[in-house]
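Participant: Dropping a structure here in structure tokens format, bear with me for questions.
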Amino acid sequence: MATASSDFGRRGFVLKPLHIIGIAIIALAIGLGYYGLQSALRPYTTSVAEAIDSGRGVQLAGYLVPGEQGHYDAQSNFTFQMQDNTGKVVQVVYPKVKPANFEQAISIVAIGRYDSSKGVFLADDMLVKCPSKYQEQLDQSQG
């Protein structure tokens, strides 16, 4: 009479080198994905104080200080002063060319981070809300 082996089905999971490599690749992908998303996701704020206190990259929305037109500094950075709804002003340094229709902008979104050592907001990118685009929509809705 034949009997079944008592070890059948009781073998534990054996971690092979191929499994370790697979786990390492998955952990690396998760780490790189987290790092990529963290640097890509920038919270939106309308407060200069909140942008200063955050210590990380943000999208800072504000307005051009009245009478301000901006200028280029010695390093060819475009700099200007931007204020939020509370009237708090911050110096913005933008390393690219001044956006078109900058002087006519009704609001500006500077994407970057506040550099506390220099006391300025370093913008990597900038969005300018052009009033003519919204004026056409307003005229059509009234008209």
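The values are calculated or read from the model by the stated rules, or taken from the named source; none is laboratory data. Being a predicted model, the structure only gives us computed values, none of them experimental. Just so you know, the surface numbers come from the protein's heavy atoms only, side chains and all, with ligands and any DNA or RNA stripped out. Shrake-Rupley method; radii C 1.70, N 1.55, O 1.52, S 1.80 Å.
Participant: Given a 1.4 Å probe and the protein chains all in place, what does the accessible area of ARG113 round to, in Å² to the nearest 10?
Facilitator: That residue has around 110 Å² of solvent-accessible surface.
Participant: Still on this structure, I have one more. May I ask you to give the percent of accessible area on region 61-114 that is carbon plus sulfur, with a probe radius of 1.4 Å?
Facilitator: Here it works out to 49 percent.
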